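Here the structure is laid out as structure tokens; the discussion comes afterwards.
The values are calculated or read from the model by the stated rules, or taken from the named source; none is laboratory data. Since this is a predicted model, take the numbers as computed values, not measurements. Every residue, glycine among them, receives a Cβ derived from its backbone with ideal geometry; neighbour counts consider all protein chains shown. Each accessible area value is taken on the protein alone, full model and side chains, heavy atoms only, with ligands, DNA and RNA left out. Shrake-Rupley method; radii C 1.70, N 1.55, O 1.52, S 1.80 Å.
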Amino acid sequence: LGARPAHSLWQGKLVCISNRKTKYLTLTDIRYEEVDGFKGINCRHYWWPFIEGVSKRVYTDEQLEEMATRTVTYNGKEMLISEASSRQRAMERKIRYERSQLAALNTSIELAKESGNIELANDLQITFDNISVKLKSHEATYKDFCKQTGQPELSERLQYPGFNRSVSKKA
């Protein structure tokens with residue numbers, strides 16, 4: 001569920017890994033070893049062995065079609081689950097970026113204070129405060145997005161080394 005449109009074309013289908021032309025898809029068909037293909041960036045698909053005459057496909061073609069076209073609603077606008085997933089990842093990247101800025105600014109403020117450069121520390125603090133406001137707004141939007149679309153909040157994707165409880169409290 002939520003596969004990008006290019007992947008939904010072969011999702012759940014059978015693939016011959018010897019790459020011989022058969023009634024099944026080939027590795028070339030699923031763009032194996034390509035950045036945007038099977039096992040490429042952000043692809044969560046996986047192989048499972050299939051023995052003809054013994055194994056059964058997990059999903060029927062009808063079920064796969066329904067999954068590929070399932071939508072969610074955000075602020076009254078319908079979108080494919082794959083679009084919602086992409087939008088969620090973009091929000092997570094933005095939050096991580098702002099957290100990285102805040103972690104760096106926090107260290108810079110402490111160093112400026114230690115060196116006695118209070119004017120610089122005050123300027124950095126203003127920047128820190130401005131980014132903190134943006135971060136809190138983006139975190140609230142992220143939570144609202146997840147709630148409205150039914151997507152799980154993935155807090156592990158929001159983590160940034162150096163953005164600890166101390167920095168979080170200041171933000």
Check: open to solvent by 30 Å² or more (accessible area, probe 1.4 Å), closer than 30 Å to K13 by Cβ, touching a residue at least 60 places away in the same chain (Cβ under 8 Å) and in contact with a helix residue (DSSP H, G or I) (Cβ under 8 Å, 6 or more places away or on another chain): does that describe R96?
Finding: no
Margin query: I want to confirm something. Restricting to segment 1-56 and keeping residues that are among the β-branched types (V, I, T) and outside any loop (DSSP other than H, G, I, E, B), which single residue is most open to solvent (accessible area, probe 1.4 Å)?
Written below: V15
Item checked: Flag for G116 being small (G, A, S) and either touching a Gly at 6+ places or on another chain (Cβ under 7 Å) or modelled with pLDDT under 85 (or both) -> no
Checklist line | Close pairs (8 angstrom Cβ cut-off, 6 or more residues apart or separate chains): free of Cβ contacts under 8 Å to residues at least 24 places away in the same chain in segment 52-68, outside any helix (DSSP H, G or I) and open to solvent by 80 Å² or more (accessible area, probe 1.4 Å) anywhere | finding: S55/P49
